[in-house]
Amino acid sequence: MDYPGTRGLPIYSGYGGGVARTSSSKNGGNIVTIDHGGGVLTRYMHLDKVNVRDGQQIGPDDVVGLLGR
């Protein structure tokens with residue numbers, strides 16, 4: 001799902017946290033994917049800023065990035 005919001009809005013990891021993977025693409029912009037374990041992934045795309053590093057353990061209320069375009 002794609003949710004609208006104000007640019008710069010903090011994006012929280014939710015769903016109990018997990019391990020972050022960072023990437024980027026032409027259509028998705030800056031991307032953070034969180035592997036929560038058990039086959040559950042959450043992907044945050046179109047981020048203006050990424051606040052985590054690849055392989056970082058993320059808590060359930062950590063800010064993973066800021067909303068972008």
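The values are calculated or read from the model by the stated rules, or taken from the named source; none is laboratory data. It should be emphasised that the depicted structure is a prediction, and the values quoted were computed from it without experimental measurement. Here the Cβ is made from the backbone with ideal geometry for all residues, glycine too, and neighbour counts use every protein chain on show. Keep in mind that these areas ignore ligands, DNA and RNA; they rest on the heavy atoms of the full protein, side chains included. Shrake-Rupley method; radii C 1.70, N 1.55, O 1.52, S 1.80 Å.
So here's what we get for this one:
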| item | result |
| --- | --- |
| Flag if R43 is of a type outside the set (A, V, I, L, M), open to solvent by 70 Å² or more (accessible area, probe 1.4 Å) and outside any loop (DSSP other than H, G, I, E, B) | yes |
| Filtered residues of region 27-44 (kept if in contact (Cβ under 8 Å) with a residue 24 or more places away in the chain and touching a strand residue (DSSP E or B) at 6+ places or on another chain (Cβ under 6 Å)) | G29, N30, V32, I34, T42, Y44 |
| Residue within region 55-67 that is assigned to a loop (DSSP other than H, G, I, E, B), without any contact (Cβ under 8 Å) to a residue 24 or more places away in the chain, of a type outside the set (G, A, S) and open to solvent by 50 Å² or more (accessible area, probe 1.4 Å) present | no |
| Scan of region 1-40 for residues that are open to solvent by less than 50 Å² (accessible area, probe 1.4 Å), part of a strand (DSSP E or B) and under 10 Å from L67 (Cα atoms), ordered by number | I11 |
